[in-house]
1. Once phi is turned into θ = phi - 60°, what whole-Hz ³J(HN,Hα) does the Karplus curve with 6.51, -1.76 and 1.60 give for every residue of the range 53-60, x standing for Gly and Pro?
2. Which distance in nm do the two modelled labels at residue 39 and residue 52 give, with both placed 7 Å along the Cα-to-Cβ direction?
3. Would you pull out the residues with amide H under 5 Å of residue 39's amide H, same chain only if 5 or more places away, H placed 1.01 Å from N?
4. Can you give the FRET efficiency to the nearest 0.05 for residue 60 and residue 126, using r as the Cβ-Cβ distance and R₀ = 25 Å?
5. Under unit Cβ charges (Lys, Arg +1; Asp, Glu -1), what dipole magnitude, rounded to 20 debye, does the range 39-137 have relative to its Cα centre?
6. For the range 55-137, report the accessible area per residue in Å² (1.4 Å probe, heavy atoms, rounded to an integer).
7. Note down the nm distance, to one decimal, between modelled labels 7 Å out along Cα→Cβ at residue 106 and at residue 76.
8. Please report how far the C-alpha centroid of the range 68-137 lies from that of the range 36-67, rounded to the nearest whole angstrom.
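The values are calculated or read from the model by the stated rules, or taken from the named source; none is laboratory data. What you are looking at is a predicted structure, and each value in this text was computed from that prediction instead of being measured. Note: ideal-geometry Cβ built from the backbone for every residue, glycine included; neighbour counts use all protein chains shown. Calculation scope for accessible area: heavy atoms of the full protein, side chains included, ligands and nucleic acids excluded. Shrake-Rupley method; radii C 1.70, N 1.55, O 1.52, S 1.80 Å.
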Amino acid sequence: WKDLKDSPPPSILDEESDVMDIDAKSKHDSMFLSGALQSARAFISKYLQLATSIISLNQHAGRDRFASRLQGEQAEILMLSGDYPAAVSVLLQIVDYNCVVAKEGWHELHFWRLFRLACCQRFTGDAPSYIRTLSKC
């Protein structure tokens, strides 16, 4: 037990090749998730696809606050991966005039999302949109 306790946790990502070290394939694997475990990039891509589907279902069901939360996390992932134009399009959907969090009194969260939108617009070089977003703060 002591040796197991002192050993470092196993890592599934190989830092050099960005390939996951998972070879176990089950007959119960879904077609949707089968390619997700091939690399970290493939996993992120599948995660974003799945999140988009969950967001649509929650919006259709009237759970706008939860959908907005997922969109915020989706935008953060896109920013971390350097896809600022996609992050801008996601953030624009959740900071518009019908913003759920602003209506419900979550003003700090609303301003945080406006700030993140401004950061993305600054990286994309869209100066007029950047200035418009800053004026909303």
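1. Whole-Hz 3J(HN,Hα) from phi for the range 53-60: 5, 5, 4, 4, 5, 5, 5, 5.
2. With each label point 7 Å from Cα toward Cβ, the separation is 1.9 nm.
3. Sorted by chain and number, the residues that satisfy this are 20.
4. 0.25
5. Working: 11 positive and 8 negative charges, 6 e Å.
The dipole magnitude comes to about 20 debye.
6. 62
7. Those two pseudo-labels are separated by 1.2 nm.
8. When both Cα centres are located, 18 Å separates them.
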